[in-house]
Amino acid sequence: MLLALAIFATILLFLLRRYYGGVIQHKDRALQDLTAELSLQKQQSFHEKNELNAILSSMVEGVLVIGRDEKILYVSPNASSMFQMRSKDVALKPYWEVIPHQQINQSIKEALQHKRAVNKEIYLLGAQDNFFSLQISPVVQQGQLTSAVAVFHDITELKRLLKMRTEFVANVSHELKTPLTSIKGFVETLQEEGGARDARRFLDIIHKQTLRLEMLVNDLLTISAIESREAKMDLAPQDIAAVVHAVLAMNKKAIEAAKHQVMVNIPDHIPAILADRNHLEQVFINLLDNAVKFTPAGGRIQIKAVVEPPFVRIDVQDSGIGIAQEHLSRVFERFYRVDKARSTETGGTGLGLAIVKHIVQAHQGKVEVHSTPDKGTVFSIFLPPAK
C-alpha cells in the first residue's frame, strides 16, 4: 500500500512540474514577445519623432508649438533665429516669459483663449527691421484644446519689393510729368502768342524734352524685355577689346568735349566672353556715359580687364566726383539718383545702371561698384568666358 502511494505521489509531482513548467515557459515567452513589441514601438516612435523634427527644421517657416497650459512644447531652429528669445532653454516654459514681442504674445493668447485661428502681419523692430506673416492654429481634439501651432513666414523681402514697386511707379510718374509739363507749357505759349521771335527757342526746348521722353520709354522697354526674358540674346564669343574700342568710337565727341584722357588696358591673353554684342555694347555705353558725365573736365577714365576665375572682370574707373558710401547699395535701383539735380541737368533717365545690372545678370554675371567721394568710382562687371 505504501509503495503504491509513493508511486502515485511521484507521478503526480511529475505531472504538476510539467504543467506548471509549461505555464511558466509560456508566460516567459509571452513576456519576451511583449518586451520586443514595446521596444519596436519605442524605436518607431523615436524614428517618427526624429523624422518630424527633421521636417520642421528643414522648413523655411519658423514653427512654434504651445500647450494649452501656455508652456512651449517645441521651437524650430528657424523660429529661434527669426526673433530673439529671452532664454536658450525654452522647453516647458510659459511662452510669455521667453518671447519678448508683445504682438506675438497677444496673438498666441488670442488663439488659446478663443480657440480660433489668428492670421496677422507683424513688424519686429531690431538690428534689421523684419516683417512676418504669423498664422496661429489651435489644435482641438474631441472638443478639447490640446495645443496651438504658430507658423512664422518671413516676408521682409516681399515688403521690400512692394516698396520698390511703389517707388518705381511714383518715380516713373515724376519722370514723365516733368517733360510733359514743359512741352505742354511751351506749346500753349506758342498757341497763345504765336510770335516768331521765341518760337525757335521754344521748339528747341520741346524737341529736347521729347527726346528725353523717348529715351525714358526706350529704357523702360529695355528693362522690361530683359526681365521678362523676351529680349533675344544672340550669344557668341566676343572680343572685349573690340567691343570697348567700338563704344569709345561712338562716344568720341563727348569724350573730346570733356577733354578726358581715356586709357584702355586689355591684355591679349584675356579670353573672349560669351555675350550678345548689342547688349554688351549697351553695358559699356552706359558705364562710359556715367564716367564722362560725372568726371570734371580733364579727368581720367581707365578701362581694364583681368581674369578672375570663374569670370573675366572688366573695370570702368574714373577720377570723378565719386559716390558716398550710403548710396552704393542703391545705385543700381531704377530711378535712384545720388544727386538728383545734377542727374537731371546731364539728361539721364535714371535707368542706365539698372539696365547694366539686368544685362549682366542675364549673361550669368554680376556687377559691383566701389567709390570714394571726390576720388572717383570703379564699376566692375564679371562675365563668364566663352568655352
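Among the residues of region 66-120, write down those that are assigned to a helix (DSSP H, G or I), among the hydrophobic types (A, V, I, L, M, F, W, C) and at pLDDT below 85. Selection gives ALA79, MET82, TRP96, VAL98.
Of all residues in region 305-323, none are surrounded by 15 or more Cβ atoms within 10 Å (Cβ to Cβ), assigned to a helix (DSSP H, G or I) and not hydroxyl-bearing (Ser, Thr, Tyr). Going through (1) under 32 Å from the mean Cα position of the chain (by Cα); (2) modelled with pLDDT of 70 or more one by one, ILE206 falls short only on (1). Would you say VAL283 is β-branched (Val, Ile, Thr) and assigned to a strand (DSSP E or B)? Against the criterion (β-branched (Val, Ile, Thr) and assigned to a strand (DSSP E or B)), VAL283 does not qualify. Is region 328-351 home to any residue that is over 30 Å from LYS208 (Cα atoms) and buried (at least 18 other Cβ atoms within 10 Å of the Cβ)? No, region 328-351 has no match at all. Comparison of PRO267, PRO271 shows that the only residue that is surrounded by fewer than 13 Cβ atoms within 10 Å (Cβ to Cβ) and outside any helix (DSSP H, G or I) is PRO267.
The values are calculated or read from the model by the stated rules, or taken from the named source; none is laboratory data. Not measured: the values here are computed from a predicted model. We place every Cβ from the backbone using ideal geometry, glycine too, and count neighbours over all the protein chains shown.
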